[in-house]
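Inspection log for the structure reproduced underneath, given as structure tokens.
The values are calculated or read from the model by the stated rules, or taken from the named source; none is laboratory data. From a predicted model like this one, the values you see are computed outputs, not experimental measurements. Cβ atoms come from the backbone with ideal geometry, glycine included; neighbour counts cover every protein chain shown. Note: areas computed on protein heavy atoms with side chains; ligands, DNA, RNA excluded. Shrake-Rupley method; radii C 1.70, N 1.55, O 1.52, S 1.80 Å.
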Amino acid sequence: MSDANGPVESGSSAEETPSAAAPGEAAGAADSAGAGGGRRVRVVLVDDHRMFRTGVQAEIGQTERTGVEVVGEAADVDQAVTVITATRPEVVLLDVHLPGGGGVEVLRRCAPLMTDAEQPVRFLALSVSDAAEDVIGVIRGGARGYVTKTITGTDLVDSVFRVQDGDAVFSPRLAGFVLDAFASTDAPPVDEDLDRLTQREREVLRLIARGYAYKEIAKQLFISVKTVESHVSAVLRKLQLSNRHELTRWATARRLV
């Protein structure tokens, strides 16, 4: 996948080949997925971008070729919980930023399904975000892994089967976040200022801090420029900042960029 909005690539990329890295988890990959091996896995796609879901479905959902059967889709938290509960898939591909509370809220509400001894539902985060707080948040919430949307279709299929088998799967650069977080005996401090922001406001905050113009943010997030302006105003008000330069310094100091 080239980005949050682009199609899944069919080639492989050594840079983004997922690797297992969570403490206490097996590092070996499972057998190759796909119809050739006779394996099957039922998957639900959760992402608020319809075009992205369509691209993933087209790339990995050809069951006879990949072994992946997409049994449901959802665009927000409530839809996700309803679809997951109704279909009981083996694996859920879960975006981190969703209307209604984000991926962490889906994990919280689906906790009983994850701990079902006979038919556990396992979650693999699939997000454009590579922020440490997002990675650690969903892993603490119970997800079995986290890959970014630059992953190729072939590697995503492999990741799905590995998560089905109980492995932990991460894009290489993200594994370090998890290792560092779980190696520490102290829980990370709660940032009360950051907690005031919604998931969408955090997303806009990061893009502003990275130097994106309002039009670029609007295009990337599929929202209007006016909506971007409203989010920025809300962020500045909640954080008691005056302009985007102060906002950038604030985000950089917290390693959100």
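When segment 202-220 is limited to residues that are without any contact (Cβ under 8 Å) to a residue 24 or more places away in the chain and either in contact with a Pro (Cβ under 9 Å, 6 or more places away or on another chain) or open to solvent by less than 30 Å² (accessible area, probe 1.4 Å) (or both), the one that is farthest from residue 131 (Cα to Cα) turns out to be 218.
Which residues, taken from segment 77-98, are under 21 Å from residue 128 (Cβ atoms) and open to solvent by 40 Å² or more (accessible area, probe 1.4 Å)?
The initial filter retains those residues of segment 77-98 that are under 21 Å from residue 128 (Cβ atoms), namely 77, 79-80, 91-98.
Listed by number, the list holds a single entry, 79.
Against the list (1) of a type in the set (A, V, I, L, M, F, W, C); (2) crowded, with 17+ Cβ neighbours inside 10 Å; (3) modelled with pLDDT of 90 or more, the condition residue 177 fails is (3). Cβ-Cβ contacts under 7 Å between residues 6 or more apart (or on different chains), taken from a first residue in segment 238-257 that is closer than 16 Å to residue 203 by Cα to a second residue that is modelled with pLDDT under 85 and open to solvent by 40 Å² or more (accessible area, probe 1.4 Å), are listed as 238/196; 239/193; 251/257; 254/191; 257/210. Checked against the criteria, residue 122 counts as touching a residue at least 24 places away in the same chain (Cβ under 8 Å), among the basic types (Lys, Arg) and touching a strand residue (DSSP E or B) at 6+ places or on another chain (Cβ under 7 Å).
Taking each residue of segment 102-117 that is under 12 Å from residue 85 (Cβ atoms) and looking for partners that are in a loop (DSSP other than H, G, I, E, B) and of a type in the set (S, T, N, Q) with beta-carbon atoms closer than 9 Å, six or more apart or interchain, yields 113/119.
Tally the residues that are open to solvent by less than 10 Å² (accessible area, probe 1.4 Å) and under 12 Å from the mean Cα position of the chain (by Cα), restricting the search to segment 99-128.
Start the filter on segment 99-128 by keeping residues that are open to solvent by less than 10 Å² (accessible area, probe 1.4 Å), which leaves 102-103, 106-107, 110, 121, 123-127.
Going one step further and asking which of them are under 12 Å from the mean Cα position of the chain (by Cα), we end up with 102-103, 106-107, 123-127.
Residues flagged as open to solvent by less than 10 Å² (accessible area, probe 1.4 Å) and under 12 Å from the mean Cα position of the chain (by Cα) within segment 99-128 amount to 9.
Among 53, 65, 39, which is in a loop (DSSP other than H, G, I, E, B) and surrounded by fewer than 23 Cβ atoms within 10 Å (Cβ to Cβ)? Don't jump to the end; show me each part of the working.
Details: 53 fails: in a loop (DSSP other than H, G, I, E, B); 65 fails: in a loop (DSSP other than H, G, I, E, B).
Residue meeting the stated conditions: 39.
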